[in-house]
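Reading through the structure tokens given below for one structure.
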Amino acid sequence: MSAVADSAAPLVALVDDDDDLRRATAQLLTLAGYDVRGFADAATALAAIDMDFAGVVVTDVRMPGMSGIELFRALAARDDELPVVLMTGHGDIDMAVSTIKAGAWDFLTKPFDPDAMLVAVARATTARALVIENRQLRALAEASGSDELVGRSPAIRRIRGMLSTLASADLDVVIEGATGTGKQMVARLIHRGGRRGRHRFITVDCASLPLAAENALFDAYGTIAQAHRGTLFLDNLDRAEERVQHRLTQFAERRAVALDAREPVPIDTRIVAAIDEDGRARVLPALFHRLAAVSLRLPPLSERAEDIPLLAMHFLAARVNGVKNPTRAAADVAQLAARHSWPGNVRELELTVERIVLGFDDAASDAVDMPLPERVRSFERTLIVEAMTRAGGEVTVAVELLGIPRETFYYRAKRLGIDLKRLRSG
């Protein structure tokens with residue numbers, strides 16, 4: 001069973017051989033906004049739920065044939081991140097607890113409180129949505145490969161679609177974009193995709209050219225000459241001194257360097273130049289128009305926020321051996337976007353991921369080290385402590401605030417290591 005593409009409602013597979021209880025529970029969940037798929041036996045449910053199932057499972061424990069415990073074990077063997085909520089009678093609590101330890105999501109004792117059911121399913125649904133989203137991100141990142149322009153925003157899709165045409169056209173290109181947007185990476189992709197990809201990609205940083213280096217640049221045995229039959233990448237062209245820009249204009253027109261005053265040496269090279277987003281005004285018009293047979297603008301991350309989770313996963317995938325939980329880490333990096341403007345763009349995001357992997361980023365390293373089940377336990381621990389505090393240490397009041405059965409409250413407090421005696425006296 002897979003998620004229905006045209007339905008935004010979260011999925012719940014409800015398994016119970018009691019027709020009346022199954023219908024009543026299905027009605028409760030449907031009214032709460034869930035898309036409920038009912039099954040009268042575990043074997044039918046197991047056959048219908050596959051690895052792509054985007055929802056959660058709620059199952060009775062005691063059923064003819066395959067039990068709910070056996071269903072959980074079979075589902076866990078396929079997908080150990082699929083949340084399964086067990087419905088048990090009082091006589092099955094010990095069995096349910098052992099199953100929780102084996103990885104089941106939660107259990108409810110019959111007759112269960114409707115609110116307790118809704119809370120359990122809501123938490124399981126949130127966790128499942130995170131797992132599914134991060135699986136999709138990982139698949140997209142892996143499919144992109146390390147040499148692709150990663151992203152699914154309209155601007156990036158448009159540029160990615162132009163790359164093969166630009167590579168084969170062999171035209172000069174000017175790439176405009178803020179610091180860290182990936183201008184050199186795009187230049188390399190253009191170089192590698194065409195016939196010049198078999199030859200050298202020579203980079204010249206125009207912002208840091210002392211006079212000696214400038215003269216060597218235009219020498220017949222100098223840097224530009226090394227780009228013969230390949231690609232000459234002029235980085236930070238808008239920061240080049242005017243004198244250098246004049247010399248580059250002459251080279252762009254003649255495609256030759258001087259061996260001496262009498263014998264120019266032709267250089268067959270394609271020129272790709274990179275300038276800042278507002279750098280066009282700092283480039284000589286003659287040079288810009290000579291090089292800008294095609295002009296590309298790379299958008300900043302602020303214009304492609306939907307790409308941040310995918311980029312995070314892409315960078316993490318390249319460092320998978322250095323991080324304990326890349327899926328969770330990618331989600332945490334994506335959450336940073338909500339409170340950070342990313343002035344350094346893709347480069348800053350990559351360095352942030354690097355710090356997280358190395359454990360240097362305190363804001364996110366704890367999240368990398370904390371698997372999803374532990375994060376859920378931390379959340380539940382906080383809820384119980386807050387409820388006890390609001391209840392003035394009275395368990396009866398705290399249970400009412402949380403909307404869960406008393407035995408579930410005591411079980412979870414014990415499992416989470418909460419000192420109820422201290423909370424009562426505090």
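Within the range 203-258, the residues that satisfy the criterion of being closer than 21 Å to residue 171 by Cβ and of a type in the set (Phe, Trp, Tyr) are 233, 251. For the range 380-426, the candidate set comprises residues that are surrounded by fewer than 18 Cβ atoms within 10 Å (Cβ to Cβ) and hydroxyl-bearing (Ser, Thr, Tyr); within that set, the residue that is nearest to residue 87 (Cα to Cα) is 410. Restricting attention to the range 275-304 and to residues that are under 26 Å from residue 340 (Cα atoms) and small (Gly, Ala, Ser), the residue that is surrounded by the fewest Cβ atoms within 10 Å (Cβ to Cβ) turns out to be 302. Summed over the range 29-50, residues that are more than 34 Å from the chain's Cα centre (by Cα) and under 24 Å from residue 122 (Cβ atoms) total 2.
With the condition kept exactly as written, say whether any residue in the range 378-389 is more than 35 Å from the chain's Cα centre (by Cα), at pLDDT 60 or above and assigned to a helix (DSSP H, G or I). The answer is yes; a qualifying residue exists.
Answer yes or no as to whether residue 97 is in a helix (DSSP H, G or I), among the β-branched types (Val, Ile, Thr) and modelled with pLDDT of 85 or more. So residue 97 fails the test. Taking the criterion of being buried (at least 16 other Cβ atoms within 10 Å of the Cβ) and either at pLDDT 85 or above or within 21 Å of residue 26 (Cβ to Cβ) (or both), the residues of the range 115-137 that qualify are 116, 117, 118, 119, 120, 121, 123, 124, 125, 128.
Within the range 77-94, the set of residues being surrounded by fewer than 21 Cβ atoms within 10 Å (Cβ to Cβ) and outside any helix (DSSP H, G or I) comprises 79, 80, 81, 89.
One residue stands out in the range 207-229 among those that are in contact with a helix residue (DSSP H, G or I) (Cβ under 7 Å, 6 or more places away or on another chain) and touching a residue at least 40 places away in the same chain (Cβ under 8 Å): the one that is farthest from residue 179 (Cα to Cα), namely 229.
Filter the range 44-61 down to residues that are in a loop (DSSP other than H, G, I, E, B) and in contact with a strand residue (DSSP E or B) (Cβ under 8 Å, 6 or more places away or on another chain) and give me whichever is nearest to residue 19 (Cα to Cα). Top of the filtered list is 61. Residue 119 passes every criterion in (1) out of contact with any Gly (no Cβ under 8 Å at 6 or more places or on another chain); (2) in a helix (DSSP H, G or I); (3) farther than 22 Å from residue 17 by Cβ apart from (1). Looking across the range 63-83, the residues that are touching a strand residue (DSSP E or B) at 6+ places or on another chain (Cβ under 8 Å) and without any contact (Cβ under 8 Å) to a residue 40 or more places away in the chain come down to 69, 72, 75, 76. Go through the range 150-187 and give me each residue that's in a strand (DSSP E or B) and either more than 24 Å from the chain's Cα centre (by Cα) or among the hydroxyl-bearing types (Ser, Thr, Tyr) (or both). Correct list: 173, 174, 175, 176.
The residues of the range 195-212 that are in a loop (DSSP other than H, G, I, E, B) and surrounded by fewer than 19 Cβ atoms within 10 Å (Cβ to Cβ), listed by number, are 199, 200, 207, 208, 210.
The values are calculated or read from the model by the stated rules, or taken from the named source; none is laboratory data. This structure is a prediction, so every number in the text was calculated from the model and none was measured. A quick note on method: Cβ atoms are made from the backbone with ideal geometry, for glycine too, and the neighbour counts reach across all protein chains shown.
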